[in-house]
Every structure is written in C-alpha cells, then in structure tokens.
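Here is the structure we will look at, set down as structure tokens.
The values are calculated or read from the model by the stated rules, or taken from the named source; none is laboratory data. Being a predicted model, the structure only gives us computed values, none of them experimental. All Cβ positions, even for glycine, are placed from backbone atoms using ideal geometry, and neighbour counts span all protein chains on display. Calculation scope for accessible area: heavy atoms of the full protein, side chains included, ligands and nucleic acids excluded. Shrake-Rupley method; radii C 1.70, N 1.55, O 1.52, S 1.80 Å.
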Amino acid sequence: NRRKKKDDNILEIPSIPNPFPELCCSPFASVLSASLLPKATSRKKQVIKVYSEDDTSRALEVPSDITARDVCQLLILKNHYIDDHSWTLFEQLTHTGLGRAVEDHELVMEIQSNWVMEEENKLYFRKNYAKYEFFKNPLSFFPDHMISFPSETNAAVNHSGILQMFLSSSTYPEIHGYLHAKEQGKKSWKKLYFLLRRSGLYFSTKGTSKEPRHLQFFCEFSNSDMYMSLTGKKISGAPTNYGFCFKPNKSGGTRDLKQLCADDEQSRTCWMTAIRLLKYGMQLYQNYMQPYQGRSGCSPLNVTPMRSISENSLVAMDFSGHRSRIIENPTEALSVAVEEGLAWRRRGCLRLNSHGSPIAMSNMGMSIHRSQSWFHHKISREEAQRLILQHGLVDGVFLVRDSQSNPKTFVLSLSHGLKIKHFQIVPLEDDGKLFYTLDDGHTRFTDLIQLVEFYQLNKGVLPCKLKHYCARIAL
C-alpha cells in the first residue's frame with residue numbers, strides 16, 4: 001500500500017516542459033544531425049613512405065593533416081640529426097623526370113592524392129640550403145637586367161626593399177626576360193619574351209613589347225605546382241638543361257604541362273624564386289621566420305640569419321695551455337692542424353703495430369677520407385652537379401670525389417655565385433711523403449680531411465669557404 005501511495009504521489013506531480021525539444025530523439029527519426037555532434041578528437045592516420053639519397057626508405061604512420069615540416073621534424077628526431085632548418089621534403093615524379101622542394105606548410109596527403117598509381121612517384125628527405133636563401137641575400141637572386149620596379153619607386157632599392165615589394169599586396173616588381181617555351185601538342189620550342197606580373201605569366205607576341213595588346217596570357221599559379229626538370233634535354237628535348245614547368249594539380253599527363261626553359265641557371269633561379277613569392281607570399285616568410293620565433297631582436301625583414309651548424313662548429317682551438325683559446329691566425333691554425341694530424345697518425349701507428357705493418361698504416365692514410373660524409377667515391381661530373389643542385393646553389397655547398405680523368409687525383413666540386421665549379425686536388429710526393437694540394441704545392445696537407453677542414457676555416461685560393469657538404473643521408 002505504501003508503494004501504491006508513493007506511485008500515486010509521483011503521478012500527481014505536474015510534468016515539467018522540456019526546454020530543449022530539439023535534442024529529444026524520436027524512435028522513428030534522429031533529430032541530431034552530424035553537424036551537432038562533437039568532433040572526434042582522434043585524427044585519422046595514414047602510412048607514407050619517405051626515401052633517402054641512398055634509396056633506403058622508411059614508412060611512417062602520420063596524421064592525415066600533417067605538413068611537410070612536421071614530417072621533417074619527425075625524421076630528424078627519429079634519426080638523431082641536427083636541425084639546422086635546411087631539411088626538406090622533395091617530390092620526385094619518376095615518369096616525367098620532374099621534381100620540386102615541397103613547401104613547409106603543404107599537406108603531404110594532398111600531394112600524394114594528386115599522384116597516379118602507375119607512376120611510382122617518391123618523397124625524398126634531404127637538405128636544401130637554398131630554400132630560404134633569397135630572404136638573406138635577395139640581390140643575388142634578382143639581377144638588375146631581369147627586374148623592373150614600379151615607376152613611383154626609386155631606382156635604387158635596398159636589401160629589405162626588394163622583399164617588401166614582393167610581399168606587398170599593392171606593389172610587385174616585374175620580372176622579364178627571354179625563355180624557351182614548348183608549344184602545346186608539338187615537339188618544337190620557341191623563344192619568347194616573358195613578363196611576370198601579379199596577375200600571372202605573360203609573353204609578348206611582338207618582340208619585347210610590353211603593350212597590353214601584344215601580351216598573351218601563359219599561366220597562372222593558384223591551381224598548379226612548379227617543378228624543375230631533372231633530366232635536362234633527355235625527355236622533353238629542351239634546348240638547354242635549365243628547364244622548369246607548371247603542372248596542374250589534377251593533371252592527366254604530360255600533355256597538360258606548360259614547359260619552359262631558361263638559358264642559364266641564374267635566369268631559371270630568378271624566375272622560379274619570383275613565382276614562389278608570387279604564389280605563396282607572406283606564407284613563405286612565415287615559414288622562414290618560424291625557426292627564429294622567440295629569439296630576441298628579431299624584427300620583420302631585419303633578421304640576422306643564424307650561422308650554419310658546420311660554420312659554428314669549425315673553429316680552430318688551442319688546448320695546450322691551462323685555458324683554451326681560439327686561433328685567429330690562419331698560418332698558426334694550419335700548423336696546428338698539421339701537427340695534430342701527425343700526432344693522430346703516430347697514435348694510430350702504435351695501435352696498428354700489434355698487427356704489424358707500416359704498409360697498412362700508409363694505406364689507411366690514403367683511404368681515411370672514404371669514411372667522410374662529404375666524400376663520394378667514383379661519381380661522374382654530372383652526378384656531382386646534380387647532387388649539389390639538389391642541396392641548393394648556395395655559396396659553399398661542396399663535395400669531394402674521385403677524378404675520372406686522372407685516377408690518382410681528386411676533385412673538389414663547389415657552388416659559388418649560382419654556378420658549380422670544379423677544382424682538382426693533386427697529390428705531391430716530397431722526401432718520401434705524400435701530400436695533397438689545391439694551389440700547386442704552396443699549401444700542403446697530409447690527407448683530404450685536413451684539406452677540407454682548412455678550407456672550411458679559410459677561403460685560400462677558393463672563391464668562398466666550404467660551408468655545407470653534400471651527403472647521402474640514410475634513414
């Protein structure tokens with residue numbers, strides 16, 4: 001009876017109206033839509049494969065919205081590499097012989113979604129020292145004969161002024177010059193006068209005329225990506241080896257490519273750098289500034305770039321006294337290096353004496369450089385140039401290789417002034433001892449390691465110091 005009375009009391013209580021009727025679920029149809037449901041906190045993950053220079057690969061399980069910079073940071077941590085802000089992902093289209101450095105902010109999954117399954121395209125993890133070099137030294141990237149400024153701008157534009165104009169929405173410098181263009185549907189190339197403006201890329205139908213009635217639209221960049229030709233003249237039959245092209249994001253094949261070719265590397269670099277700035281603008285500057293955020297004294301366009309890791313670590317030191325000191329005099333640094341090398345050999349000789357043989361010690365001295373990351377055994381001149389180009393045509397990018405013309409000599413391949421130069425390292429024998437030299441014996445080194453370390457500290461007979469070495473990174 002008590003239970004009955006209690007139930008009667010409950011039934012007598014008036015019902016309270018629901019203030020949120022739209023949240024009630026009908027047994028026949030759900031009122032809740034997908035937009036009202038809370039978003040899932042867990043992101044979808046996918047597997048990508050990244051290759052290194054020696055064609056080893058590593059599979060990574062990453063979120064679907066991961067950027068190229070995040071992938072680089074992940075690989076840096078997993079492989080315990082030093083982050084000097086020059087690591088990049090490189091997209092290589094195997095079938096068409098094209099490649100490009102992926103921008104740091106780009107989504108990796110969007111890039112792969114544009115690939116065709118049969119083409120076996122690859123993502124490479126490598127260094128690119130020229131990725132943001134134009135922010136540090138824009139004057140070398142934009143020669144005077146290829147750039148024009150608005151009429152209201154003074155003729156003399158300083159370092160930061162060029163960048164301000166490229167990043168400004170109101171003014172934009174005009175890039176102009178001759179390029180070879182491949183005609184659509186034909187194998188022939190035609191040399192035309194091109195102009196790059198904020199609205200796109202144009203060519204003149206009448207010489208170098210810039211009148212609007214003589215300008216014809218060639219390409220815009222919002223729905224396409226810019227690639228560099230990796231095969232030179234082989235696939236496209238280009239007149240020079242300095243080709244680049246524009247590929248639509250949803251391209252069906254090579255027929256949709258808009259192919260161009262410059263006469264030299266400086267011209268190609270200028271065109272491609274200006275187009276990058278036109279397409280991405282402030283996003284590129286934000287990518288460049290990200291490593292410097294939080295550093296004191298960093299103001300826009302007045303950033304003092306950090307010195308490279310290799311340059312910071314290569315300082316001649318003297319530890320013979322109670323306190324260490326930096327050796328400023330190059331002659332003293334060289335003598336200390338030679339003395340240290342000889343002492344190292346004496347210690348190595350003592351270790352080898354138990355096995356016995358001075359001949360083995362001599363052979364070790366001649367082959368010790370083979371374990372260095374900057375040494376590339378028996379690669380051709382063309383392969384050396386390709387490796388340096390991949391690492392970026394920044395002053396001081398170098399590698400050492402065996403000479404193909406003379407088996408007993410070596411070659412130092414060095415980037416300077418957007419050009420790749422080659423210097424022969426000649427062995428000299430004096431009083432039964434073997435030395436190496438770049439300047440006909442005026443400066444001698446007992447092995448290639450001493451030679452490289454000396455020119456990392458001193459310019460000597462070279463056009464610039466050795467700063468960044470090309471290495472085949474393994475994953």
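Anything in segment 225-240 that is in contact (Cβ under 8 Å) with a residue 12 or more places away in the chain, in a loop (DSSP other than H, G, I, E, B) and not small (Gly, Ala, Ser)? List them, or say none.
Listed by number, the residues that qualify are 230, 231, 234, 235, 239, 240.
Would you mind finding the one in 390, 385, 424, 404 that is free of Cβ contacts under 8 Å to residues at least 24 places away in the same chain and closer than 26 Å to residue 265 by Cα?
Within the list 390, 385, 424, 404, the selection yields 424.
So, in segment 194-224, how many residues would count as being open to solvent by 20 Å² or more (accessible area, probe 1.4 Å) and either charged (D, E, K, R) or in a strand (DSSP E or B) (or both)?
13
Out of 378, 465, 419, which single residue is out of contact with any helix residue (DSSP H, G or I) (no Cβ under 8 Å at 6 or more places or on another chain) and either open to solvent by 70 Å² or more (accessible area, probe 1.4 Å) or in contact (Cβ under 8 Å) with a residue 60 or more places away in the chain (or both)? Steps first, answer last, please.
Numbers: 465 fails: out of contact with any helix residue (DSSP H, G or I) (no Cβ under 8 Å at 6 or more places or on another chain); 419 fails: out of contact with any helix residue (DSSP H, G or I) (no Cβ under 8 Å at 6 or more places or on another chain).
Exactly one residue qualifies, and that residue is 378.
The conditions are (1) in contact with an Asp or Glu (Cβ under 6 Å, 6 or more places away or on another chain); (2) closer than 30 Å to residue 383 by Cα, and residue 200 fails exactly one of them. Which is it?
Against the list (1) in contact with an Asp or Glu (Cβ under 6 Å, 6 or more places away or on another chain); (2) closer than 30 Å to residue 383 by Cα, residue 200 comes up short only on (2).
So for segment 401-410 (the condition being in contact with an Asp or Glu (Cβ under 7 Å, 6 or more places away or on another chain), surrounded by fewer than 20 Cβ atoms within 10 Å (Cβ to Cβ) and over 20 Å from residue 449 (Cα atoms)), does at least one residue qualify?
no
State the number of residues belonging to segment 264-318 that are of a type in the set (D, E, K, R), at pLDDT below 90 and either open to solvent by 70 Å² or more (accessible area, probe 1.4 Å) or under 15 Å from residue 131 (Cα atoms) (or both).
3
Please determine, by comparing only the residues of segment 396-413 that are of a type in the set (A, V, I, L, M, F, W, C) and more than 17 Å from the chain's Cα centre (by Cα), which one is nearest to residue 472 (Cα to Cα).
Once the filter is applied, the top-ranked residue is 400.
Can you tell me which residues in segment 104-127 are assigned to a loop (DSSP other than H, G, I, E, B) and at pLDDT 90 or above?
At the first step, the residues of segment 104-127 found to be assigned to a loop (DSSP other than H, G, I, E, B) are 104-106, 114-116, 120-121.
The answer is 104, 105, 106, 121.
Would you mind telling me which numbered condition in (1) more than 27 Å from residue 142 (Cα to Cα); (2) among the charged types (D, E, K, R); (3) open to solvent by 20 Å² or more (accessible area, probe 1.4 Å) residue 395 fails?
The single condition residue 395 does not satisfy is (1).
Residue by residue, here is whether (1) modelled with pLDDT under 75; (2) part of a loop (DSSP other than H, G, I, E, B); (3) open to solvent by 70 Å² or more (accessible area, probe 1.4 Å); (4) in contact with a helix residue (DSSP H, G or I) (Cβ under 9 Å, 6 or more places away or on another chain) holds:
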| position | (1), (2), (3), (4) |
| --- | --- |
| 152 | yes, yes, yes, no |
| 156 | yes, yes, yes, no |
| 160 | yes, no, no, yes |
| 187 | no, yes, yes, no |
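Over 16 Å from the mean Cα position of the chain (by Cα) and at pLDDT 90 or above: which single residue out of 68, 101, 130, 59 fits that description?
Selected residue: 59, the only one of 68, 101, 130, 59 that is over 16 Å from the mean Cα position of the chain (by Cα) and at pLDDT 90 or above.
Which pairs turn up if I take residues in segment 430-445 that are of a type in the set (A, V, I, L, M, F, W, C) and look for partners that are open to solvent by 60 Å² or more (accessible area, probe 1.4 Å) and at pLDDT 90 or above with beta carbon separation below 8 Å, at least 6 apart in sequence or on another chain?
435/444; 438/424; 438/461
So which of 439, 431 ends up being open to solvent by 60 Å² or more (accessible area, probe 1.4 Å) and not basic (Lys, Arg)?
431
Search segment 95-150 for residues being among the polar types (S, T, N, Q) and more than 27 Å from residue 77 (Cα to Cα), and hand back the single one that is surrounded by the fewest Cβ atoms within 10 Å (Cβ to Cβ).
Per the criteria, the residue is 137.
Does residue 86 fit the bill of being buried (at least 19 other Cβ atoms within 10 Å of the Cβ), under 18 Å from residue 472 (Cα atoms), among the hydroxyl-bearing types (Ser, Thr, Tyr) and in contact (Cβ under 8 Å) with a residue 12 or more places away in the chain?
yes
Within segment 169-185, restricting attention to residues that are modelled with pLDDT of 75 or more and more than 20 Å from residue 207 (Cβ to Cβ), which residue is surrounded by the most Cβ atoms within 10 Å (Cβ to Cβ)?
Among them, the one singled out is 173.
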